[in-house]
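Beneath this line is the structure, given in structure tokens, with notes to follow.
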């Protein structure tokens, strides 16, 4: 019984310290990026586009966000988000309209992509349950300058598929 009485203060101090000290946060972690073809297959929309507008949306905070949702607001932002407008320069999959608007988290630690106005990007996007386009670092989305493998594989694949489809002869 005496051992457990001596351990009680140590246990209490240990629990108090673990509760009071800030938790260690990890940076974004993704599986190795998929191949361009796999990324194409799993994404809802794939295109090359130039960022024409980048807007930061402040986080609502959990209490205000929950209140907004109860009141019927269409969107709640738990974290700071970036909304980017991209002018589609090369549509690859389901990017028939231009411009396209998509969202990513503002923090790279949360796998957000730091879009910059005027830069060209190779984008792999997916639709949220609400229908919005979203992307993150765990897709192959990157600047067009860094996406040379994707350009070589998918743009060439798109060109081949377009040239194969010919109208029937009358």
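Structural remarks
- Between the beta carbons of residue 148 and residue 116, assuming R0 = 22 Å, the FRET efficiency works out to 0.70 to the nearest 0.05.
- For a label point 7 Å along the Cα-to-beta-carbon line of residue 80, residues of region 28-58 with backbone N under 11 Å: 56-58
- Full extension of the segment from residue 89 to residue 5, taken as 0.36 nm per residue of separation minus the current Cα-Cα distance, would add 23.1 nm.
- Over all pairs of different C-alpha atoms, region 107-147 has a mean inverse distance whose reciprocal, the Kirkwood radius, equals 10.9 Å.
Just so you know, all these numbers are worked out from the coordinates, no wet-lab data involved. All of these numbers come straight from a predicted model, not from anything done at the bench. Counting neighbours? That spans all protein chains shown, and the Cβs are built from the backbone with ideal geometry, glycine included.
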